[in-house]
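Notes follow once the structure below has been shown.
Derivation of every value follows stated rules applied to the coordinates shown; laboratory data play no part. No experiment lies behind these values; they were computed from the predicted model shown. As a convention, Cβ positions derive from the backbone with ideal geometry for all residues, glycine included, and neighbour counts pool all protein chains shown.
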Amino acid sequence: MTLKIRKLVSYIEDVRIEGGKEATKPVTTVLLAAVVKNPWAGRGFVEDLQPEIKAIASDLGALMVERLCALIGGADKIEAYGKAAVVGGAGEIEHASALIHTLRFGNHYREAVQAKSYLSFTNKRGGQNTSIQVPMMHKDDEGARSHYITGEFAISDAPLDDEIVIVLGAADGGRVHPRIGNRYLDLEAIAAEKAAQG
């Protein structure tokens with residue numbers, strides 16, 4: 001089984017103004033998608049997905065991480081990260097999950113950016129031009145709400161029924177005007193309120 005990539009698609013946005021206020025520092029988000037042939041499509045129910053995962057997931061991860069890091073200007077620029085997969089109509093959600101929820105794929109990204117947090121994700125079924133959401137969080141701090149951001153885009157001709165779109169997302173910052181605090185402040189405030197109530 002060899003990795004069959006029909007095309008790579010990238011989406012880049014720089015947020016400079018949000019809520020009518022200029023950003024102190026523009027935030028760049030990069031999404032990189034690989035449109036790949038679904039190795040399980042047309043084969044009926046496949047009980048063991050591991051042979052294909054072992055054959056293609058690592059190569060796919062390595063290729064995508066190298067390209068993504070180049071697009072954003074280096075792994076050291078990445079603060080927030082995430083992943084997504086969309087399987088075409090002839091596949092199962094499990095097929096999308098199989099290629100992104102394996103350490104053979106994800107470790108390439110975690111190691112490149114020296115991350116501590118898990119890779120947030122979405123996986124779903126969809127057709128051509130389906131909306132693809134890539135949720136992201138801070139690579140080192142799961143409680144940093146400033147970096148809870150979602151990249152979104154679509155590919156006009158993907159996924160075809162026998163394809164899977166695999167996506168990695170990266171941002172060089174969080175939202176440009178974060179002001180809701182982090183998870184830890186909430187935990188402290190709730191604990192204090194409970195203590196005050198006796």
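Take the stretch 115-145 and flag every residue that is charged (D, E, K, R) and in a strand (DSSP E or B).
Within the stretch 115-145, Lys124, Arg125 qualify.
Looking at the stretch 120-129, which of the residues that are among the polar types (S, T, N, Q) and under 16 Å from the mean Cα position of the chain (by Cα) is surrounded by the most Cβ atoms within 10 Å (Cβ to Cβ)?
The extreme case among them is Asn123.
Of the residues Val36, Val15, which is in a strand (DSSP E or B), farther than 30 Å from Arg179 by Cβ and not small (Gly, Ala, Ser)?
Just a single option satisfies the conditions, and that option is Val36.
So if I check each of Leu31, Leu3, which one is of a type outside the set (Ser, Thr, Tyr), touching a residue at least 12 places away in the same chain (Cβ under 8 Å), surrounded by 12 or more Cβ atoms within 10 Å (Cβ to Cβ) and in contact with a Phe, Trp or Tyr (Cβ under 6 Å, 6 or more places away or on another chain)?
It is Leu31.
Quick one: in the stretch 58-91, which of the residues that are assigned to a helix (DSSP H, G or I) and in contact with a Gly (Cβ under 9 Å, 6 or more places away or on another chain) is farthest from Ala171 (Cα to Cα)?
Ranking the qualifying residues of the stretch 58-91, first place goes to Gly61.
Return the total of residues in the stretch 141-198 being crowded, with 19+ Cβ neighbours inside 10 Å and of a type in the set (S, T, N, Q).
Summing the residues that are crowded, with 19+ Cβ neighbours inside 10 Å and of a type in the set (S, T, N, Q) in the stretch 141-198 gives 1.
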